[in-house]
Each structure stands twice: as structure tokens, then as C-alpha cells.
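Bear in mind these aren't lab numbers, they're just calculated from the coordinates by the rules spelled out. Quick caveat, the model's predicted, so the values are computed rather than measured. Here the Cβ positions follow ideal geometry from the backbone for every residue, glycine too, while neighbour counts run over all protein chains shown.
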Amino acid sequence: MQPQAGGGPVMADVARLAGVAISTVSRALANPDRVSAETRTKINVAAAKLGYTPNAMARNLRVGNSKTVLIVLPGPLHYGVSQIIPRVLYSINAALIEHGYNLMIANLVRDAASEGRILDLAFGGSVCGCIILSSYLPKDDNRSLADASLPIVSMLLDMSGLSYPSVVTNDRAVMREATQELIALGHRRFFFISGPEGNYHDVERFGGVIEALRNAGLSESDVVKSTAAESFQAGLMAGERASYEFVRLADRPTAAMSVSDDMAIAFMSRIQDFGVKVPEDVSVISFDGSPVCVYCNPPLSTIEQPVEEMGAAAVALLLNRVERNGPIPDGPLVIPSRLILRASVSAARN
């Protein structure tokens, strides 16, 4: 049996030759007492035949040997990426350094080659834990990060249903609060700039809008939803496309809400190019709390996510698992965001 292409043998090769799951190989090397002697023998024989030394693997995989934490991003850091991601990275890095750990950014893209490298790091013992940032678990044809026997924490996406500790904000509740503020100002027709259809953030934030409308005796028909975004990384382009949809409406809403600052910034800039006044013709509220919102014209109202607190909480949860010295919450850890009203919002004008 030949190892996988692209270098020496990896854990998946050992697992195939031994006739066991990858997670069993990982467990045998990291925690030998959790695997039967017969299975350990099969794994050692397979590793030796492939030229992959069992003792070296075990040394690399031993929890706590590495002081590096891997972070898996949702996509590339390029023009149009959500402005919250650099702030999240900074907060996580600061918290890790404080505890003597290092941060490794696993990917700038999410293609097959990148996924494979992430899994090589996870299965190869180079890292002691992983933070998944608003994304899914990497996998390829043979492996999944779920089988790497690594402590994993999810941030900005609730994965507690899959038994992964998660740090999230109150997306639905705070968007409901923002919509209620607009309703109190007399707004009755709304425009919602969404993220990718079915995405966790889109579902939660749009859900908050709908709940506020129903509580006020309005209905889902009172909101026009723009679904221009293929991804949150394309936020600026999505906001621009949403502006074209908005100006073509015969009966334009008096309030617009966005799932990200990037989308709202592009939307607000373009509609003003078409002669639509903010907030006289339409009030605008976004989500994330990027510092640039203060410098928009007019200053953009936004829902500020507590990224520093969330990053520190995600690191604390992860290190509790790495060092086995703290409790793991049953459900997601929810850290509330706050609504910041600025000059982009005013009372509805009939």
C-alpha cells in the first residue's frame, strides 16, 4: 500500500492499512489506554510498514506537547471580507499570548488543497487545539477534523448541538431590539440585506426582524429581503447589488437593515449616489460594529459585537479542554451585542 500523494505517510494511510478508523489511530497514539492491546499492535505494525514511526507520532500527538492553536477561517482575507474578522483574530491572539500559546492561521482560502493542509496539521500533532471561526469543520475524502482527537471550540456559530463548545452573540434578540426601535420611530416597511441563504447568521438575524414585526402586528410581507450575497466575504459587492434592487422598488421601504457592516456601507453609499437621502428617505442599521461606521456619511448605526470578550471566552473554553482544568458548558456561551444608534436613523417621514 502506497502512502497518499504529496509527501510521506499520514495517519489516514496508517488507518487504512490497519483496518481501523483514523480517530482510532489518533486515540491509540495520544491515549493508548483507551484502545485495546490488539488494536494498538495493528496500528504499530501498519505505521512501521509505512515508515511512520509510532513513537514519534505519539510524541507529536500527546495533548499539551504543542503550544500552538489553529484557527480555521470561513474564507479569504481579501477585499470585501467582513471587517470583524481581523478584530477577532487580534482578540484571540492576545488571549493566547497571555496564556503562553501561539496562534496559527490555517487558511486564506477554503479549497481542497487548503482543507488537506489543515487536516495534516490537525492529525500530525502540530497543534494542540482548534478554533473554528463561523464555519464548518474541514474534511476531505478520508479525514475529518472531527476525528483528529483535538479540542475544538466554535466561535460566532453555535455548534453546541454537535457537542462543540461555542461562543456566540445574541443575534436574534439584538436584531429584534433594533427592529423594535425602528418601529417605535414610525417605520412600517423594511428592506433587509441578507447573507448567504440559510446561513446561521442570516437565519438568526432575519428571524429577529420577523419576530419584532409580528410582535407589532406587522407581517413578513412588510419586509423586502435582498439575497445578493453568495458569501459574507463578498459583502461590499452584495451591498452594492442590494442598492440597485432598492432603487428599483416602486414602493420603497423607509428602513433598511443589514447582516453586516460591509453590506450596509456599500448599500448606503450607492443609494445616495442615486439621490436617496439617509436618513430622510431611508434609515439604515447594520451588524458588526466596525470602527469605520463612525466615519461613514452619515455615521452608520450598527449592532456592535463584543469581539474582544468573545475571543477571550473562546480561548478560555479551548484551553480548559486542552489542559483539562475547567468545566464545559452544556449549551452555547452567549455574549450580548449592543445597538449603537447614530445619524443614519431617524423617524419615518411619510
statement: Loop-resident trypsin sites (Lys or Arg not before Pro) in region 213-301 with no more than 16 other Cβ atoms inside 10 Å, DSSP not H/G/I/E/B, are 277
- line: 1/(1 + (r/R0)^6) with r = Cβ-Cβ of residue 323 and residue 216, R0 = 45 Å, i.e. FRET efficiency to nearest 0.05, evaluates to 0.40
The chain: angle of helix 200-215 to the longest principal axis, Cα-based, in degrees nearest 10: 40 degrees
task: Using amide H atoms built 1.01 Å from N in the peptide plane, name the residues 5+ places from residue 83, or on other chains, whose amide H lies under 5 Å from its own.
output: 262
- prompt: How would you classify region 171-305 from its alpha-carbon gyration tensor, with a ≥ b ≥ c the square roots of the eigenvalues: rounded for a/c under 1.5, else prolate if a/b is greater than b/c, otherwise oblate?
  reply: rounded
query: Could you give the nm distance between label points at residue 295 and residue 144, where each point is 7 Å from its Cα heading toward the beta carbon?
result: 4.4 nm
Label-point gap, in nm, between residue 162 and residue 97 - each point 7 angstrom along Cα→Cβ: 3.1 nm
- prompt: For region 295-324, which GluC sites (Glu not before Pro) are in a loop by DSSP, counting at most 15 other Cβ atoms within 10 Å?
  reply: 323
- line: PRE zone check, label point 7 Å out along Cα-to-Cβ of residue 347, amide N under 18 Å, scope region 279-306, hits 279-284
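Report the gain in length on full extension from residue 274 to residue 334: 0.36 nm times residue separation, minus Cα-Cα distance, nm rounded to one decimal. Show your work: numbers first, answer last.
Values: separation 60, 0.36 × 60 = 21.60 nm, distance 3.98 nm.
Extra length available between residue 274 and residue 334 comes to 17.6 nm.
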